[in-house]
Amino acid sequence: MNHIGDAIIRIGPALVIVMVVLAAIAVTVNVTASSGHGRDTVVAVIRAVVQLAALAAILAVVIGTLWASSLFVGVMALAAAWTSAGRITRDTGPGASGRRWPPLRSCALCLLPVAVPTIVVVLAIVAVGVLPATGIAIIPTAGIMFGGAMNTASLAGRHAHDELRSRYGEVEAALSLGFGLRDARLEVVRPAAATALIPGLDQTRSVGLVTIPGAFVGMVLGGASTTAAAIMQLFVLVALLAVSAIAVLTTTELVSRGYLDTV
């Protein structure tokens, strides 16, 4: 055990027991509350264990080589787009088919709000010299932004579809008046989708007051000054706001045009 690990959490049998208990609490509460996410919680925990173990092994191999790191970033982008496509296009309304796998077309379309903004931002900051062209810098930076864009796109898409279902009559009325599909749906979709920005905005506004983000803590424990850690964290938060804004805008357009409808 190294001193950095000890400073964050003590790894040992007690930690394993605590994690199992916490996971059991999450599953039990979701099942008892009939949230519909009891099984999803179990799957999420199991996947997290397997994927983090695989991540540790893979990073040890690819992080020292730029081309391999870039390939890994590409895999992350595909996984993020696939996840968002599943959330956005899976119909959970009355009479839903229960389909769990998103169509390949939807996965490809979700690359626009989820992957493209992050890749453009990362390439730009590498080009101007702000981010070193190394795997150890690019992979975590891209991962943080992929995660933010993925969550934002998923929330925006779900909220948009929920609003379209509840205000279906307004859309039909607009279509009957001669509005195009995009314009008829946009006025209903836009405000609902925009609520997906709230978590990111609250996180940025409350940083240092309510939360101390992981990037800040990790840099400090790694030996960086608190000033450097704060600057790095500020960059991450601002970058997340940028990619999230683009993700909401793009997702709103795709849903409004009928390209990401539920199946």
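Annotations for the structure displayed:
- Test for ALA26: is it among the aliphatic types (A, V, I, L, M), under 22 Å from ASN151 (Cβ atoms), over 19 Å from the mean Cα position of the chain (by Cα) and outside any loop (DSSP other than H, G, I, E, B): yes
- Residue in segment 13-34 that is within 29 Å of ILE136 (Cα to Cα) and either modelled with pLDDT under 90 or loosely packed, with under 11 Cβ neighbours inside 10 Å (or both) present: yes
- Verdict on ARG87 being closer than 29 Å to PHE216 by Cβ, among the charged types (D, E, K, R) and assigned to a helix (DSSP H, G or I): yes
- Looking at GLU187, GLU170, GLU253, just one residue is over 29 Å from LEU111 (Cβ atoms), surrounded by fewer than 19 Cβ atoms within 10 Å (Cβ to Cβ) and of a type in the set (Asp, Glu), and that residue is GLU170.
- Qualifying residue in segment 153-167 (condition: without any contact (Cβ under 8 Å) to a residue 24 or more places away in the chain and over 29 Å from LEU71 (Cβ atoms)): yes
- Hey, ALA133 more than 22 Å from GLY200 (Cβ to Cβ), over 21 Å from the mean Cα position of the chain (by Cα), outside the structural domain of LEU52 (by TED's automatic domain parsing) and touching a residue at least 40 places away in the same chain (Cβ under 8 Å) or not: yes
- Any chance VAL207 is within 30 Å of LEU109 (Cα to Cα) and in contact (Cβ under 8 Å) with a residue 24 or more places away in the chain: no
- In the set (1) without any contact (Cβ under 8 Å) to a residue 60 or more places away in the chain; (2) farther than 30 Å from GLY218 by Cα, LEU123 fails one condition alone, (2).
- Residues of segment 206-217 that turn out to be exposed (fewer than 14 other Cβ atoms within 10 Å of the Cβ), within 19 Å of the chain's Cα centre (by Cα) and either assigned to a helix (DSSP H, G or I) or not assigned by TED's automatic domain parsing to the domain that holds MET145 (or both), as a count: 1
The values are calculated or read from the model by the stated rules, or taken from the named source; none is laboratory data. Since this is a predicted model, take the numbers as computed values, not measurements. Heads up, the Cβs are rebuilt from the backbone with ideal geometry, glycines too, and the neighbour counts pull from every protein chain shown.
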